[in-house]
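Notes follow the structure.
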């Protein structure tokens, strides 16, 4: 069900206040840069605010907002001169036999961010943010079966990362 | 949660068949039970997912959109009544101190237009009053006269 009428400034601020963490993390998982993610979110919020005249036609404002953030983030990636994902560390994520729990967790966090594009977003939205399949469908414009398949495959890839590599410290 | 139950849920998770509630339970179990973290290597993944949600922006992104709440003064009934009473008192005082005193022709708007006619009516009114007064006096005078009559004493 959409909003009964054009969204007021108060309603918009309330929504933004509740969602800003989720929107930021979503942008960050694309852009991997705090400043750029913040800019992407603020730009997206401004775009949504400009479209508020039609806010009553939007069935799920939150999902719509996340879609705007996604599109904004992807646009920024395209406009980057370098490779899309900027990683501070050149090594790919891997767990070593002797790694402590902290090191393992860190490695897995890298592995999540290094998932192929098609899987990374669904894993982020489901396993990090806790969105329902229907919500993920709306945000990423995917069918339900696509969402389920990508989650299954994404988790499988992460499971492979759990197996320690042969190397040790 | 028992280790065996946890193992089943983890297998179900990797098959993509867990509910949101079950996924939340797995994360909470590993967060709150360090001993289980060592028994299950998969715990690193769930702890990583929890850690990913702890990423926050460096500033309040909503700040530019948050509207300060407008101060709304609510006048209660008591206050309204006091104001109304004060106004009534002030107006009453004004009218008492400065009564409506029409001037000019307004003061005589209900009088006779013909002065002779007015005189005749006034004369009749006074005569009536006078007649009533004389009647009253005569009655009183008669009663008083009674006391003035000398009644000789009998020897």
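Here, each number is a calculation from the coordinates, and none is a lab measurement. Bear in mind the structure is a predicted one, so any value in this text is a computation, not a measurement. As a convention, Cβ positions derive from the backbone with ideal geometry for all residues, glycine included, and neighbour counts pool all protein chains shown.
With a 10 Å cut-off around each Cβ of A:154-161, the average count of Cβ atoms from other chains is 3. Taking 7 Å steps out from each Cα toward its Cβ at residue B:53 and residue B:113 produces label points 9.7 nm apart.
By other beta-carbon atoms within 10 Å, ranking A:145, A:13 with the fewest at the front produces A:145, A:13. Based on C-alpha pairs under 8 angstrom that are at least 6 apart in sequence, region A:88-169 has a relative contact order of 43 percent. Is the shape of region B:3-52 rounded, prolate or oblate, going by the alpha carbon gyration tensor and its root eigenvalues a ≥ b ≥ c, with a/c under 1.5 for rounded and a/b larger than b/c for prolate? Here region B:3-52 falls in the oblate category.
Kirkwood radius, region A:88-169, all distinct C-alpha pairs, inverse of mean reciprocal distance: 13.6 Å. For the pair region A:21-54 / region A:103-169, the C-alpha centres are spaced 21 Å from each other.
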